[in-house]
């Protein structure tokens, strides 16, 4: 049975995509988990919704994020949700769900949602698939999880999770360098972009999801990476 025979929903913007209307646009696919889906806000307040007007009327951003999913499901979804968009750019982030841990009988017994070697292979494959259809892959990482004392995780759970996150960010950095993929590493840079972190920028107590205040900052950084590509495309350089 194909994994997509399970009830894996179409992201609304993928289901509603009009290929004919988008034919003349520079198409950006936002591919990731809940930090891409951003279901808590209307489109115009999500980083990917903000990205569109930042880059101009010739750009269309399609949000293909699905909360709770890893890069493994992203890879399975590629032919269904990504390829039909024929994107010029694919913006990818599965960091938090790839590294997410679930515990067994004791606090130090856990399973990772996507193993490190599997994430490595998944991301490299997504880069290759993007380039095969002429799209520029771009990586970004989510802002860092705060070490709040009222986090719903146990101290052991949080310590394990943070160590895994650092390891997984390092893998993403290595892939980006080896494969020449632009990387917005907000895991390390976001706190330096604001006056006080985590402040108003991360949801409490979970610390996994950035707030509405973070969305314009995320969008601006991604726009700066993509804008030169859009300009070349508009000038006929594609």
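Kirkwood hydrodynamic radius (Cα pairs, Å) of the stretch 3-234?
18.0
Select from 136, 220, 37 the residue whose mean-square fluctuation is largest in a Gaussian network model of the chain (Cα-Cα springs shorter than 10 Å).
Of 136, 220, 37, the Gaussian network model singles out 220 as fluctuating most.
Counting other C-beta atoms within 10 Å, which of 206, 150 has the fewest, and how do the rest follow?
The most exposed by this proxy come first: 150, 206.
Taking 4 °C and 1.567 mPa s as the conditions, I'd like the Stokes-Einstein D for the stretch 9-88 in µm²/s, using the Kirkwood hydrodynamic radius from alpha carbon pairs.
102
Taking springs between alpha-carbon atoms closer than 10 angstrom, which of 163, 131, 46 fluctuates most in the Gaussian network model of the chain?
Taking springs between Cα atoms under 10 Å, the residue moving most is 163.
Which of rounded, prolate, oblate describes the stretch 107-206, given a ≥ b ≥ c as roots of the alpha-carbon gyration tensor eigenvalues and a/c under 1.5 marking rounded, otherwise prolate only if a/b is larger than b/c?
oblate
How much mean residue ellipticity at 222 nm does the chain get from its helices, if each DSSP H run of length 4 or more adds -39500 (n - 2.57) and you divide by all residues, to the nearest 500 deg cm²/dmol?
Calculated at 222 nm, the ellipticity per residue is -12000 deg cm²/dmol.
What list do you get for 88, 188 if you sort them by fewest beta carbons within 10 Å?
Listed from fewest to most nearby Cβ atoms, that is 188, 88.
At a 10 Å Cβ-Cβ cut-off, how would you order 201, 208, fewest neighbours first?
208, 201
Between 76, 139, 31, find the one with the highest GNM mean-square fluctuation for the chain; connect C-alpha pairs within less than 10 Å.
Per the Cα network of the chain with a 10 Å cutoff, 76 tops the list.
Taken together, the values in this text are just the output of simple stated rules run on the coordinates, not laboratory data. Model, not experiment: these values are computed from the prediction. Glycine gets a Cβ as well: all are built from the backbone with ideal geometry, and neighbour counts include every protein chain shown.
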